[in-house]
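**Student:** Let me give you the structure first, and then I'll get to my questions.
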Amino acid sequence: MRIGDDRFFHLTYCTNIHPGESWAAVFASLERYVPGLKQRLSPFEAFGIGLRLSDLAARELSQGDALAAFKTWLDERDLYVFTLNGFPYGGFHRQVVKDQVYAPDWRAPARVDYTLRLARILAALLPADIEGGISTVPISYKPWFNSESERAAAFEQASLNLARVAAELMSIRAVTGRTLHIDLEPEPDCLLENSDETVDFFQRWLLPVGSEWLASARNISRADAQAKLRAHIGVCYDTCHFALQYETPTAALSKLTGAGIRIGKVQLSAALKAPIPESETDRQAVIERLRPFAEPTYLHQIVERRADDHLHHHADLSTTMSPHPDAREWRVHFHVPIFSSDYDGIYSTQGDIAATLSVLRDTHACPHLEIETYTWEVLPSRLKIDLSASIAREYEWVLAAFADATSSRDEPMPC
């Protein structure tokens, strides 16, 4: 749905909330939840969908007349798809996912093929007046590499593969008129996990390596090839992930856009935030409050801020329950509902979402906003409520925060 005084922004939620790896399962969830949400939130205007498709679902949707039938279903209900989640390739619910969510990574032909399959689907569904984006893994997962030379080889191969995808997106635009971009999503413990590493990848690898291949493949200048890469390869700014790095939205977004990197999508999500007291008794109380979030499905990385402001990473909450003696705060990669900031003495990074919305209102750095709380099934039982009501509450919180950002911006300065 369009929001903002100028209708510049598109707000949706990511359907990775719903279990389902086949197209039949995905469509069943859409039929069950989306019409009711539209009626509640946007009864008189088109309602956008942030679609998550596994490789299996994408293959099935691409067969026969399935895609045309889905487009008809959307049109008849005043719905539209403008963004896809192409991060998890395979199973994402009701099984152990952990670090396999990053596989296949951007070294692998399977990741290229999957992403291009999604691109063709999105081009067929996308309204003519909107650009479309596909969020994806941040190259690969750091613990899979034993040396800097292995990481360098991964960056080089990923740059070549992303350039190949950009070349196909150029062709899609020439044929369909639809402009699509692939949006790398930095995440803790991945090869791209913060703004510095992301800028470094674009400047040292993607632009020089990718543009050399693209210029040769398409018989264009290196300058033109770099411009095409910037147009078709960008960043998905996940507010949870950047908060985990203790980066403020103003600084991180300014660093990325200042380097000429496109912000293709902003995912609105919140991490857990736990101040670590100095006394051992109080520390144990914090750990006990965190324990219900240490579930076995997803990877819940911890970024620990110590007294000297040094950041230390722990691989997963399920394997680490001991803060360092100098620890002052833990931030945990667990996408908690964004409409709450307090979980029985454990807090969330909800404030970073509000700050991001304020920056976006001022800068118009990105039109695509996607609520992404995919953990409903694994939340502690006391936090589980009706899913439709929960999704609606998330929308309503975002709309209120967005309005507050506008009001704050428009308030007169004190004399």
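**Student:** Among the residues in the range 308-326, are any in a loop (DSSP other than H, G, I, E, B), closer than 17 Å to Asp189 by Cβ, out of contact with any helix residue (DSSP H, G or I) (no Cβ under 6 Å at 6 or more places or on another chain) and among the charged types (D, E, K, R)?
**Tutor:** Checked against the condition, which is being in a loop (DSSP other than H, G, I, E, B), closer than 17 Å to Asp189 by Cβ, out of contact with any helix residue (DSSP H, G or I) (no Cβ under 6 Å at 6 or more places or on another chain) and among the charged types (D, E, K, R), the range 308-326 yields at least one hit.
Matching residues to (1) charged (D, E, K, R); (2) more than 12 Å from Leu162 (Cα to Cα):
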| site | (1), (2) |
| --- | --- |
| Pro186 | no, yes |
| Cys190 | no, yes |
| Thr198 | no, yes |
| Leu206 | no, no |
| Gly210 | no, no |
| Trp213 | no, no |
| Asn219 | no, yes |
| Arg230 | yes, no |
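**Student:** Mind listing whichever residues of the range 362-384 are closer than 30 Å to Ala231 by Cβ, of a type in the set (Asp, Glu) and in contact with a Lys or Arg (Cβ under 8 Å, 6 or more places away or on another chain)?
**Tutor:** Asp362, Glu370
**Student:** I would also like to ask the following. Is it true that some residue in the range 400-411 is at pLDDT 90 or above and in contact with a helix residue (DSSP H, G or I) (Cβ under 7 Å, 6 or more places away or on another chain)?
**Tutor:** Yes, the range 400-411 contains a residue that is at pLDDT 90 or above and in contact with a helix residue (DSSP H, G or I) (Cβ under 7 Å, 6 or more places away or on another chain).
**Student:** Tally the residues that are touching an Asp or Glu at 6+ places or on another chain (Cβ under 7 Å) and without any contact (Cβ under 8 Å) to a residue 60 or more places away in the chain, restricting the search to the range 63-83.
**Tutor:** 1
**Student:** Going by what's in this entry, would Ser171 be described as part of a helix (DSSP H, G or I) and surrounded by fewer than 18 Cβ atoms within 10 Å (Cβ to Cβ)?
**Tutor:** So Ser171 passes the test.
**Student:** Check Phe8, Phe47 and return the single one that is within 20 Å of Ala400 (Cα to Cα) and in contact with a Lys or Arg (Cβ under 6 Å, 6 or more places away or on another chain).
**Tutor:** Phe47
**Student:** For the range 189-208, check the following and say yes or no: at least one residue is crowded, with 20+ Cβ neighbours inside 10 Å, under 15 Å from Leu253 (Cα atoms) and of a type in the set (D, E, K, R).
**Tutor:** Yes, there is a match, as at least one residue in the range 189-208 is crowded, with 20+ Cβ neighbours inside 10 Å, under 15 Å from Leu253 (Cα atoms) and of a type in the set (D, E, K, R).
**Student:** Still on this structure, please answer the following. Which of the residues that make up the range 104-139 are under 23 Å from Thr176 (Cα atoms), assigned to a loop (DSSP other than H, G, I, E, B) and under 16 Å from the mean Cα position of the chain (by Cα)?
**Tutor:** Those that are under 23 Å from Thr176 (Cα atoms), assigned to a loop (DSSP other than H, G, I, E, B) and under 16 Å from the mean Cα position of the chain (by Cα): none in the range 104-139.
**Student:** Would you pick out the residues in the range 37-55 that are touching a Phe, Trp or Tyr at 6+ places or on another chain (Cβ under 8 Å) and either free of Cβ contacts under 8 Å to residues at least 24 places away in the same chain or aliphatic (A, V, I, L, M) (or both)?
**Tutor:** Within the range 37-55, Leu37, Leu41, Ala46, Ile49, Leu53 qualify.
**Student:** List, please: which pairs have Cβ atoms under 9 Å, are six or more places apart or on different chains, and start with a residue in the range 14-36 that is at positive phi and end with one that is in a helix (DSSP H, G or I)?
**Tutor:** Gly20/Val26; Gly20/Phe27; Gly20/Ala28; Gly20/Ser29; Gly20/Ala57
**Student:** Would you call Thr248 surrounded by fewer than 24 Cβ atoms within 10 Å (Cβ to Cβ), in contact with an Asp or Glu (Cβ under 8 Å, 6 or more places away or on another chain), polar (S, T, N, Q) and over 19 Å from Val101 (Cβ atoms)?
**Tutor:** Taking the combined requirement at face value, the residue satisfies it.
**Student:** Could you grab me the full set of residues in the range 314-334 that are crowded, with 16+ Cβ neighbours inside 10 Å and over 22 Å from Asp282 (Cβ atoms)?
**Tutor:** Selection gives Ala315, Asp316, Ser318, His333.
**Student:** Could you list all residues from the range 174-207 that are in contact (Cβ under 8 Å) with a residue 24 or more places away in the chain, part of a helix (DSSP H, G or I) and either farther than 11 Å from Ser159 by Cα or out of contact with any strand residue (DSSP E or B) (no Cβ under 9 Å at 6 or more places or on another chain) (or both)?
**Tutor:** Residues satisfying the conditions are Thr176, Ser195, Asp196, Thr198, Val199, Gln203, Arg204, Trp205.
**Student:** Turning to a different aspect of this structure: Name the residue, out of Val235, Val165, that is in contact with a strand residue (DSSP E or B) (Cβ under 8 Å, 6 or more places away or on another chain) and either without any contact (Cβ under 8 Å) to a residue 24 or more places away in the chain or under 27 Å from Asn146 (Cα atoms) (or both).
**Tutor:** Val235
**Student:** If you don't mind, there's one more thing I want to ask. When the range 373-399 is examined, which residues are found to be at pLDDT 80 or above, more than 14 Å from His10 (Cα to Cα) and under 18 Å from the mean Cα position of the chain (by Cα)?
**Tutor:** Within the range 373-399, Thr373, Tyr374, Thr375, Ile391, Glu394 qualify.
**Student:** Can I ask one more? Restricting attention to the range 264-301, report how many residues are surrounded by 15 or more Cβ atoms within 10 Å (Cβ to Cβ), in a helix (DSSP H, G or I) and among the hydrophobic types (A, V, I, L, M, F, W, C).
**Tutor:** The qualifying residues number 4.
**Student:** Something else about it: If you go through the range 5-17 one residue at a time, how many are farther than 18 Å from Glu60 by Cα, touching a helix residue (DSSP H, G or I) at 6+ places or on another chain (Cβ under 8 Å) and surrounded by 18 or more Cβ atoms within 10 Å (Cβ to Cβ)?
**Tutor:** 4
The values are calculated or read from the model by the stated rules, or taken from the named source; none is laboratory data. Computed from a prediction, not measured in an experiment: that's the story for all the values here. All Cβ positions, even for glycine, are placed from backbone atoms using ideal geometry, and neighbour counts span all protein chains on display.
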